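Notes follow once the structure below has been shown.
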Amino acid sequence: MVFCLALGRQAHACSASAGQTGEASWYGPGLQGNRTASGEPFDMWAMTAAHPCLPMGTRILVTVLATGRSLLVTVNDRLPSRRRILDLSAGAARALGIASRGVAAVQLSLPSPSVLAAR
């Protein structure tokens, strides 16, 4: 579990392993090539996401609650919104089937070693 300062500067636990659920959106157009919080250039077609406080490079399994579709993404940016738990890259949103809707209810979890090995 990681502790971070977010949402009003109060320290709170930041963990995807507990099955954090909430609303996810996506971003990309107009930001292609801009520097992310991790320092790398943003690639809107890569399987990446912005999260409020998980460490950069953390791989998380994102599951769309309405469809059960899931995808492994890497955290490489920070999420400025307080209303959502995740901003997906355009490519990740498309792969999950939520690009046309714009937002979706999702569950975040840390993938098991077998899931990581298979991908």
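None of the figures in this text is laboratory data; all of them are computed from the coordinates on show. Here the structure is a predicted model, which means the values were calculated and not measured. All Cβ positions, even for glycine, are placed from backbone atoms using ideal geometry, and neighbour counts span all protein chains on display.
Quick check: net charge around LEU65, other residues with Cβ under 15 Å of its Cβ, Lys/Arg +1 and Asp/Glu -1?
Computed value for this residue: +2.
With r defined as the distance between the Cβ atoms of ARG83 and ALA117 and R0 fixed at 30 Å, what FRET efficiency is calculated, to the nearest 0.05?
0.30
Would you mind checking which residues have amide H under 5 Å from LEU79's amide H? H placed 1.01 Å from N; only 5 or more apart, or other chain.
HIS51
Whole-Hz Karplus ³J(HN,Hα) for the range 97-109, in order, using 6.51 cos²θ - 1.76 cosθ + 1.60 and θ = phi - 60°, x for Gly and Pro?
My calculation for the range 97-109 gives x, 10, 4, 6, 7, x, 9, 7, 6, 9, 10, 9, 8 Hz in order.
Using alpha-carbon pairs under 8 Å, 6+ residues apart, how would you state the relative contact order of the range 62-116 in percent?
Relative CO of the range 62-116 lands at 47 percent.
Provide the per-residue ³J(HN,Hα) series for the range 73-90, in order, calculated from phi with Karplus coefficients 6.51, -1.76, 1.60 and θ = phi - 60°, each as a whole number of Hz, with x at glycine and proline positions.
10, 10, 6, 9, 8, 9, 9, x, 6, 9, 8, 10, 9, 7, 10, 8, 5, 4
Residue by residue, what Karplus-based ³J(HN,Hα) values in Hz, rounded to whole numbers, does the range 55-60 have, using 6.51, -1.76 and 1.60 with θ = phi - 60° and x for Gly and Pro?
x, 4, x, 5, 9, 10
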